[in-house]
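One structure is given here, and the rest of the page talks about it.
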Amino acid sequence: MRALPFAVLLILATVLPALAGPFEDAVGKFANDEFSDTEEAVDTLATSANPLAFTIVSALQDGRLMADADSKKIYVTQTDGKIIDALTGAAVASLPDSAAAVRLNNKLRRHVEAALGSLTLQSPDPAKRVQAAQSVFKTHDETMLPAIDSALQKETSKSAKLAFTEARAAILLFKQDATDAEKLEAIATIKARGDQEALALLTGLTGDQPPAIAKAAAGATAAIQSNLALWSNVQNAWYGLSLGSVLLLAAIGLAITFGVMGVINMAHGEMVMIGAYVTFVVQQTIRSNFPGLFDYALIIAVPSAFIVAGAIGILIERSIIRFLYGRPLETLLATWGLSLVLQQAVRTMFGPTNQEVANPSWMSGAFEIGQITITYNRLWILCFTLAVFAILLAMLRYTSLGLEMRAVTQNRRMAASMGIATSRVDALTFGLGSGIAGIAGVALSQIDNVSPNLGQSYIIDSFMVVVFGGVGNLWGTLVGAFTLGIANKFLEPVAGAVLGKIAILVLIILFIQKRPRGLFALKGRAVEA
């Protein structure tokens, strides 16, 4: 390695102590136990580029900055209990006996808060800089303007630069000596932001503004309110799609069972509940024995829930339902009693309280599009529901079981005369419908409480979806689920949750009076007879 030239060494020897000097002097002032010295030290640290400045000032705010009056050394007690030298950052075994916390008063606390905001604006992490700028936007503290201007000049991140620009606009909007041109530019910037915080900022302006400023603020307020109303409708539509996907998952199995067999299965909700508890058991088993596979627990739970719920469904059909065909009232009462038995069995095995089913990392969190927030778990459930629907359609269209199910649905007697074992089709259909209800429980475990009453929350809505869409028609179930989901979410803000559901029920009753077979009625000789 080549040696550095003497001139370079001389420059470094001159410059480095000069850079370190103000920081060392500022840290040393904390040992003087004078409020004025502490204030000067905080102001110096706020403008320093030393990486320890934020640690020292935040420790001062929390009462973790310790000063030794004898040695004049300053220490930071970190949140994990470790101790470091504030000047060098080196670890220290223990605090001297004479060390005491640096004192603060109310005036100093305000100084410390401002300094922390300024230091956060200089953080190497762009996300922290954006967060600090958002905080300044809300408070629009004039004292932060120099720090914002300084940070804005050095900023390279596009998102952070926008956040700094908005924070600067918020400050200038309320700054007494800002020019009209600056305020008009600030209003335009805040209007472009267009969210609730921007609206609150504009409506918080005093009434003594110049006419041009007042007119611009009123126009920006109206534009933001119109924009927010539009985004509110988009958000309601998203919530409706999310609810519709849940209803579709819960109802699609019921549509198959009801369409092929004509059985009103009041225990269908308990199949959903069983799927949710299978998810809980799978997740607990993996958490205890294979913690590294926890993120895959939900994927493993899907086939597990389908098999368990499907097997229970076949058992129910073979042991109870097949003796009650053609007797709808007895079938309804029997399946209702069965639902109570299944609920009590789950209470006995798992207890009456809710069970925790955690979200995997890939289903946690949310992201924003415009002014709406979309959670990953709801988005994945929507995609999962559409995938299940597509697979089921393909199965009904391209498999021999699907062909037999469609034949039995349209004309059971003719299908039997053609050699189709209708009793076998009934059992497999009931098992398929129950299995789909089981994987609906897997999805619902991510957004609802896993409890013995889980299925009861969706059984009535599922029947409404099936009747509204058309019994046994999958496309009708899809349209019915999303229609009812969106209608619910648009009615709830106006009428409330309870009255909204009542209104939906009344509308469905009126609709059925006109179209008794639903939106998409099945066609077939037996059906039409």
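Using the structure shown, decide if Phe258 is modelled with pLDDT under 90 and touching a Lys or Arg at 6+ places or on another chain (Cβ under 8 Å). Don't jump to the end; show me each part of the working.
Details: modelled with pLDDT under 90: yes; touching a Lys or Arg at 6+ places or on another chain (Cβ under 8 Å): no.
Taking the combined requirement at face value, the residue does not satisfy it.
List the residue pairs whose Cβ atoms are under 8 Å apart, where the first residue sits in segment 150-164 and is at pLDDT below 85, the second is open to solvent by 70 Å² or more (accessible area, probe 1.4 Å), and the two are 6 or more positions apart or on different chains.
Partner pairs satisfying both residue conditions: Ala151/Gln122; Leu152/Lys161; Leu152/Arg168; Glu155/Lys161.
Name every residue in segment 160-192 that is β-branched (Val, Ile, Thr), open to solvent by 20 Å² or more (accessible area, probe 1.4 Å) and within 16 Å of Ala216 (Cα to Cα), in order of residue number.
So the first thing to find is which residues in segment 160-192 are β-branched (Val, Ile, Thr), and the list is 165, 171, 179, 187, 189-190.
Retained after the next criterion (residues that are open to solvent by 20 Å² or more (accessible area, probe 1.4 Å)): 165, 179, 189.
Listed by number, the residues that qualify are Thr179, Thr189.
Within segment 444-460, take every residue that is among the small types (Gly, Ala, Ser) and open to solvent by 10 Å² or more (accessible area, probe 1.4 Å) and give me the one that is farthest from Leu505 (Cα to Cα).
Step one: list which residues in segment 444-460 are among the small types (Gly, Ala, Ser), which gives 445, 451, 455, 457.
Of the ones still in play, those that are also open to solvent by 10 Å² or more (accessible area, probe 1.4 Å) are 451, 457.
Numbers: Ser451: 26, Ser457: 15 Å.
The qualifying residue farthest from Leu505 (Cα to Cα) is Ser451.
Do we have any residue at all in segment 80-92 that's within 11 Å of Phe30 (Cα to Cα) and hydrophobic (A, V, I, L, M, F, W, C)?
Of the residues in segment 80-92, the ones within 11 Å of Phe30 (Cα to Cα) are 86.
Still in the list and also hydrophobic (A, V, I, L, M, F, W, C): 86.
Checked segment 80-92: at least one residue is within 11 Å of Phe30 (Cα to Cα) and hydrophobic (A, V, I, L, M, F, W, C).
Scan segment 232-288 residue by residue and report those that are touching a His at 6+ places or on another chain (Cβ under 9 Å) and of a type in the set (S, T, N, Q).
Once the filter is applied, which keeps residues that are touching a His at 6+ places or on another chain (Cβ under 9 Å) and of a type in the set (S, T, N, Q), segment 232-288 yields only Thr257.
Filtering segment 82-99 down to residues that are under 14 Å from Ala59 (Cα atoms) and open to solvent by less than 50 Å² (accessible area, probe 1.4 Å), which residue is farthest from the chain's Cα centre (by Cα)?
In the first step, residues of segment 82-99 are kept if they are under 14 Å from Ala59 (Cα atoms); the result is 82-87, 89.
Going one step further and asking which of them are open to solvent by less than 50 Å² (accessible area, probe 1.4 Å), we end up with 83-86, 89.
Numbers: Ile83: 38, Ile84: 38, Asp85: 41, Ala86: 40, Gly89: 38 Å.
Across segment 82-99, the extreme among qualifying residues is Asp85.
What number of residues within segment 32-49 satisfy the criterion of being surrounded by 20 or more Cβ atoms within 10 Å (Cβ to Cβ) and of a type outside the set (Gly, Ala, Ser)?
3
Looking at segment 425-529, what helices (runs of 4 or more DSSP H) fall wholly within it and have at least 1 residues that are in contact with a helix residue (DSSP H, G or I) (Cβ under 9 Å, 6 or more places away or on another chain), among the acidic types (Asp, Glu) and modelled with pLDDT of 75 or more? Show your work before the answer.
Values: elements: 456-469, 474-495, 497-514, 525-528.
Passing ranges, in order: 456-469, 474-495.
Does Val388 qualify as being over 21 Å from Pro303 (Cβ atoms), in contact (Cβ under 8 Å) with a residue 60 or more places away in the chain and either among the aliphatic types (A, V, I, L, M) or open to solvent by less than 50 Å² (accessible area, probe 1.4 Å) (or both)?
no
The values are calculated or read from the model by the stated rules, or taken from the named source; none is laboratory data. No experiment lies behind these values; they were computed from the predicted model shown. A quick note on method: Cβ atoms are made from the backbone with ideal geometry, for glycine too, and the neighbour counts reach across all protein chains shown. Areas reflect the complete protein model, heavy atoms only, side chains present, ligands, DNA and RNA absent. Shrake-Rupley method; radii C 1.70, N 1.55, O 1.52, S 1.80 Å.
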